[in-house]
1. Could you tell me the calculated FRET efficiency between PHE4 and ALA355, based on Cβ-Cβ distance and R0 = 22 angstrom, to the nearest 0.05?
2. Can you tell which of ILE346, THR217, GLY40 lies farthest toward the positive end of the dipole of the chain, using +1 and -1 charges on the Cβ of basic and acidic side chains (Lys, Arg; Asp, Glu)?
3. State to the nearest 20 debye the size of the charge dipole of segment 242-363 about its Cα centre, where the only charges are +1 on K and R beta carbons and -1 on D and E beta carbons.
4. Please give the length that would be gained between LEU249 and LEU321 if that part of the chain were fully extended, namely 0.36 nm times their separation in residues minus their C-alpha to C-alpha distance (nm, one decimal).
5. Of TRP185, TRP150, how do they rank once you tally other Cβ atoms within 10 Å and put the fewest first?
6. Looking at LEU99, ALA76, HIS3, which one has the Cα that reaches farthest to the positive end of the dipole of the chain (charges on Cβ: Lys, Arg +1; Asp, Glu -1)?
7. Given a cut-off of 30 Å, what percent of all Cα-Cα pairs of the chain lie beyond it?
8. Modelled label-to-label distance, VAL164 and LEU32, 7 Å Cα→beta-carbon offset: nm?
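Read the figures in this text as sums done on the coordinates, not as results from a lab. Treat the numbers as computed from the prediction; the structure is a model and nothing was measured. Every residue, glycine among them, receives a Cβ derived from its backbone with ideal geometry; neighbour counts consider all protein chains shown.
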Amino acid sequence: MIHFVLLIVCAVAIYLSCEWFVNAVEWLGERLNVGKMAVGTILAAFGTALPESVVTLVAVTSGASEEAKNIGVGAAMGGPLALATVAYGVTGAMLLLKLRKDRAAAPAVPVAAAAVADLNPGCAFGPSAPQGEALGDERDMKRLAKDQKWFLPIFIVKVSLGLVAFAFKPALGLLFFAAYAVYFWREIRSSRADEDNDEEEELEPLKFQPKKSAPDTWAVVAQTLATLTVIFFAAHYFVAQLDVIGPMLGLSAAVTALLLSPIATELPEIMNAVIWVRQGKTKLALANISGSMMIQATVPSGLGLLFSRWHFDSALLWSGLITMAAIVYLLLTMRAHKLTPARLAIAAGFYLVFAIGLVPILA
């Protein structure tokens, strides 16, 4: 019973810490003069993806056996899978819930306003958009699709390398680090270029200094580091509790590692998305997920290639195929400008397909 209690305590700690983290990281982006989208794709993504990268680093460098090092390889594959399916699906579900709540609370829309909405069907982005309406206009869809276009070819190479063996394969890990460096540089430049076209949003007061309209830089940095520390340890203990609870529920260690642990390690990204959707900042929520996916596709993969055999079994290959299928689905929907909250929520169904297909593989 104590493990279930600790699981809930860790989940609550992660959520509350993420609420303070997104508050701090928005101010950090303002202090560093980066664009709004880069706050999600770079700053928030780097912070929330750090625990998973550390898990991979520790596993592949200090693992006493090849089996122990494979834990890091599994983490490098499980992270993108959970983000591409569960994280996007939860974001879509939260958008639907917020939309229904807003509709129930809002008065009837005036006829004039309805006419304007009909003339500009792509003007709304996020919860204010009708349920069947795309999440943004053509420009917004191109922004969202950009990260998926970066992610997919890198991920295909990542999976392909897990199926072959050759002498200089470990050295290719450096190319993954280089790929993220290029993405980082390009994202910062494009985000600053788009900043003038984005609407200015007033930031909420910093939690550490709630009475100051412009908090001190030291307070912004302190709150960012403090919340990241809590998120790191809470996520670590959350995964530890799952490792104990899984066998108690009759789940094998393999099922726990491939099905439950990835969701647990990506819980900070999911919580960030929930918080930003609740605040009406859907762009940041989606940017945080896509940015985290880019980190997961490159940094842990580079570490795995450098320090392990990077050889995939059937379960890891299946996770890679499902991840690619989910990204192709999202990319095609975005390119057709038909990404609605409902279609975004459907992405979670790919994780269910993964779970069903995993049963005969592990049997």
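1. Numbers: r = 21 Å, r/R0 = 0.97.
The calculated FRET efficiency here is 0.55.
2. Of the options given, the answer is ILE346.
3. Numbers: 7 positive and 4 negative charges, 115 e Å.
Result for segment 242-363 is approximately 560 debye, rounded to the nearest 20.
4. Details: separation 72, 0.36 × 72 = 25.92 nm, distance 2.78 nm.
The LEU249-LEU321 span can extend by a further 23.1 nm.
5. Numbers: TRP185 10, TRP150 21.
Listing TRP185, TRP150 from fewest to most nearby Cβ atoms yields TRP185, TRP150.
6. Result: ALA76, furthest along the dipole toward the positive end.
7. Details: 24580 of 65703 pairs.
The proportion of pairs with Cα distances above 30 Å equals 37 percent.
8. Distance between the two pseudo-spin positions: 3.5 nm.
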